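Participant: What follows is a single structure, and I will ask about it in a moment.
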Amino acid sequence: MDAEATEGGGLGVMGGEVTNVNFDEGLLKQYETAALKNASELLEEAELLVIHKHFARAYFLSVAAIEEIGKASIAFVGRGRKLESPGVQRQINLDLRDHSKKITAAFSSSLKNFSAKDLRANFLKITDYGIALKDGREPSMYTDVDNESSVRSPSEMVRPEAAKDCVRLAKLCLRDTCAFQADNQPAPFSKWQDRWYELGAKASKVWQCQDFGEYLEHMLDQHPLDADYLPRAIVTYYDSYFMKKVPFQK
């Protein structure tokens, strides 16, 4: 193989390592539009593969479409954040590369269609879908060896009905996401909500602290139970107690 081909030019594909992007609202909007268009194209190809009984590849492309829908949702929501913040920029970049985050985000518009009564049951169902899709992504494309030292190929791992269900699920996500984003504008976030977002996975460490429950009760005495209550509590506890390694005391 010649040097031109190994550098990507000979194969007709633009290469290069992806670095962190500094997003503004216009770029996020472009990203959102392009991701939804690509999701639609991926689903067209997945449906063709189902027709020709290439079920493993159809499953893989459907999961890829769901991830693209998730990217569009992350970009849409990101337009309401404080984009001047380096922490917000860092977290948006991380979310756009995280398979689990993208799959979860893809269902966010569909969840908005449920009543409060039905939301919990459907949220749990969608959580299960997300786990199954993430676990099935790699086996639907690559040969591997299982725990019993048996070689498993994608065609053995993906059932026809699973592939068809995945295509239908992706089409539902695409329909709901396109409809929601066409009819709505991104909701603005408060400074506390953005600070919570900036913490990313670090925020989960707060919940492991024994005195955080007591701190939540204390914050409830100090502030109203509004949309900023939990973000404010997590951020202030993280800054004032967790990072300083001191316990909370009234």
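The values are calculated or read from the model by the stated rules, or taken from the named source; none is laboratory data. Just so we're clear, the structure is a prediction, and the values are computed from it rather than from any experiment. Virtual Cβ from ideal backbone geometry, glycine too; neighbours counted across all protein chains shown. For the accessible areas, the whole protein counts, side chains as well, though only heavy atoms, and no ligand, DNA or RNA atoms are used. Shrake-Rupley method; radii C 1.70, N 1.55, O 1.52, S 1.80 Å.
Participant: Considering only Ile51, Met219, Ala132, whose Cα is most displaced toward the positive end of the charge dipole of the chain, charges sitting on Cβ of Lys, Arg (+1) and Asp, Glu (-1)?
Facilitator: Farthest towards the positive end: Met219.
Participant: My understanding is that a pair violates if its Cα-Cα distance is over 24 Å; which of Lys53/Lys171; Lys71/Lys205; Lys134/Lys245; Lys112/Lys134; Lys82/Lys102; Lys102/Lys244 do that in this structure?
Facilitator: Those over the limit are Lys71/Lys205; Lys134/Lys245; Lys102/Lys244.
Participant: Still on this structure, please answer the following. Let me know the Kirkwood hydrodynamic radius for the range 182-227, please, with Cα pairs as the basis and the value in Å to one decimal.
Facilitator: It works out to 12.9 Å.
Participant: Moving on. Ranked from the most accessible area to the least, with a 1.4 Å probe and all protein chains present, what is the order of Cys166, Cys178?
Facilitator: Correct descending sequence by accessible area is Cys178, Cys166.
Participant: Additional query: Whenever you get a sec, line up Glu68, Glu32 from highest to lowest accessible area (probe 1.4 Å, protein heavy atoms).
Facilitator: Glu68, Glu32
Participant: Between Rg and the Kirkwood Rh of the range 154-250, both from Cα atoms, what is the Rg to Rh ratio? Before the final figure, lay out each step's value.
Facilitator: Values: Rg = 20.7 Å, Rh = 16.9 Å.
Radius of gyration relative to Kirkwood radius: 1.22.
Participant: Taking the square root of 5 times each eigenvalue of the Cα gyration tensor, what semi-axes in Å does the equivalent ellipsoid of the chain have, largest first?
Facilitator: Values: eigenvalues 275, 99, 85 Å².
They are 37, 22, 21 Å, listed largest first.
Participant: Turning to a different aspect of this structure: Quick check: the distance between the Cα centres of the range 81-115 and the range 149-212, to the nearest angstrom?
Facilitator: First find each Cα centre; the distance between them is then 8 Å.
Participant: When the dipole is taken about the Cα centre of the range 146-250, and only Lys, Arg (+1) and Asp, Glu (-1) are charged at their Cβ, what size is it in debye, to the nearest 20? List each step's numbers first, then the result.
Facilitator: Values: 14 positive and 16 negative charges, 53 e Å.
The dipole magnitude comes to about 260 debye.
Participant: Counting only protein heavy atoms and a 1.4 Å probe, tell me what percentage of the chain's accessible area is made up of carbon and sulfur.
Facilitator: Carbon and sulfur together cover 55 percent of it.
Participant: At a 1.4 Å probe radius, which order do His54, His218 fall into by accessible area, largest first?
Facilitator: Highest to lowest solvent-accessible surface, that is His54, His218.
Participant: May I ask you to evaluate 6.51 cos²θ - 1.76 cosθ + 1.60, the Karplus curve with θ = phi - 60°, for each residue of the range 90-106 and list the ³J(HN,Hα) values in order in whole Hz, giving x for glycine and proline?
Facilitator: Going residue by residue, I get 4, 6, 4, 4, 5, 4, 6, 10, 9, 4, 5, 4, 5, 5, 4, 5, 4 Hz, with x marking Gly and Pro.
Participant: Taking the Cα centre of the chain as origin, sum charge times position over the Cβ atoms of Lys and Arg (+1) and Asp and Glu (-1), and report the length of that vector in debye to the nearest 20.
Facilitator: In total the dipole reaches around 680 debye.
Participant: Let me ask another. Using a 1.4 Å probe and ignoring any ligands, DNA or RNA, find the accessible area of Lys37 and quote it in Å² to the nearest 10.
Facilitator: 120
Participant: Also, I was wondering about something else. Ser204 accessible area, nearest 10 Å², 1.4 Å probe?
Facilitator: Approximately 60 Å² for this residue.
Participant: I would also like to ask the following. Arg152 accessible area, nearest 10 Å², 1.4 Å probe?
Facilitator: For Arg152, the solvent-accessible surface is approximately 90 Å².
Participant: How many times 2.2 N^0.38 Å is the alpha carbon radius of gyration of the range 29-121?
Facilitator: Numbers: Rg = 15.2 Å, N = 93, 2.2 N^0.38 = 12.3 Å.
That ratio works out to 1.24.
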